[in-house]
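One structure, as structure tokens, below. Some questions next.
Values in this text are rule-based calculations from the coordinates and carry no lab data. As the structure is a prediction and not an experimental result, all values here were calculated from the model. Glycine also receives a Cβ, built like all others from the backbone with ideal geometry; neighbour counts cover every protein chain displayed.
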Amino acid sequence: MTNETLINLASEMASGTIRVVDLTVPLNEDTPIIGLPPEFAQSSAFKLEQISQFDDKGPAWYWNIISCGEHTGTHFDAPGHWITGKDYSDGCTDTIPPQKLVAPANVIDVSKESAEDPDFLLTSAKLLEWESEHGKIEPGTWILMRTDWSKRSVEDFLNYAEDGPHTPGPSVECMEFLTQERDVIGFGVETVGTDAGQAFAFEPAFPAHTLMHGNNKFGLASLTNLDQLPPKGAIIVTAPLKIVNGSGSPLRVIALTS
Ligand code: 23J
Ligand code: MN
């Protein structure tokens, strides 16, 4: 059986009518990772350890051993990452149904607001404004928060101060709106984590994690190239590694767009 939609997809991808945009940052030992307050255990950065490279250890082959925390670089947050999502039987990297790993994306451009205020918070009012221009946010679609944060140096990307990190993210009521009123599949950002830098002090703390994962929804962090996507119409492929009982994983995020 052939399907006209898939045949058209293949030919439009071959001709370039449909573009493929890579939303992934490079993964190396310099890739920034989140630092938690010192009383908590820390993740570790990406590491590449050579096994052999056309030498005595392997004359015709090159390969490496990789290691890192699950939440390193461009990565997927599974519902099981958070205490509110820990009991979903389909909430870890190996149990998420694969049909949930390809979905449309709505891109909300708040790059100007974020440049003016590193603690900028996305609100439902801003989303309603976006909807008045681009149409209603459909169930099962992603919200991608464009801040242009991926264009920053590592220091300004993490943006630590004595009172913690200062990076943009979603407000509590924004996460309530997207989970309760819009039933999105997940929330993606350009920053190191899906929550704002100061979200440890929100009520509830870390609303993107608490509310998205509490509703069996996903997160994407450290995305890039969101400025190359239209506000609506792109489809993103977001397949984490099939780590058994994994809370998330680095992944390649690929967008298909006209
Ligand atoms: C662990 C604890 C707190 C946070 C995070 C991880 C992340 O942002 C993450 O990468 O999921 S806020
Ligand atoms: Mn994460």
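For the chain, what is the mean residue ellipticity at 222 nm derived from helices alone (per DSSP H run of n ≥ 4: -39500 (n - 2.57); sum divided by total residues; nearest 500 deg cm²/dmol)?
Rounded to the nearest 500, it is -4000 deg cm²/dmol.
With each pseudo-label sitting 7 Å past Cα toward Cβ, what's the Asn3-Lys47 distance in nm, one decimal?
About 4.3 nm, to one decimal.
Another question about this same structure. For Trp82, Trp63, Trp149, what ranking results if the residue with the fewest other Cβ atoms within 10 Å of its Cβ goes first?
Least to most surrounded, the residues fall as Trp63, Trp82, Trp149.
Quick check on packing: order 138-144, 31-37 by the mean number of other C-beta atoms within 10 Å, highest mean leading.
Highest to lowest by the protection proxy: 138-144, 31-37.
Restricting to the chain, what percent of DSSP beta bridges are antiparallel, rounded to 5?
65
Among 156-163, 22-29, 187-194, how do they line up from the highest to the lowest mean number of other beta-carbon atoms within 10 Å?
So the peptides 156-163, 22-29, 187-194, ranked by packing, come out 187-194, 22-29, 156-163.
May I ask you to sort Ser114, Ser132, Ser249 by Cβ crowding, counting other Cβ atoms within 10 Å and putting the fewest first?
In increasing order of surrounding Cβ atoms, one gets Ser132, Ser249, Ser114.
Taking neighbour Cβ counts within 10 Å as the exposure measure, how do Leu128, Leu178 sort from fewest upward?
Leu128, Leu178
Can you run phi through the Karplus equation (6.51, -1.76, 1.60; θ = phi - 60°) for segment 215-229 and list ³J(HN,Hα) in whole Hz, with x for Gly and Pro?
10, 6, 10, 9, x, 9, 10, 6, 6, 9, 6, 5, 6, 9, 10
Which value in nm describes the separation of the simple spin-label points at Thr123 and Glu181, placed 7 Å from the Cα toward the beta carbon?
Calculated label separation equals 1.2 nm.
With charges only on Cβ, +1 for K and R and -1 for D and E, what is the dipole size of the chain about its Cα centre, in debye, rounded to 20?
Dipole size: approximately 820 debye.
Say we join alpha carbon atoms closer than 10 Å with springs in a Gaussian network model of the chain; which of Glu176, Glu131, Glu155 then has the biggest fluctuation?
Glu155
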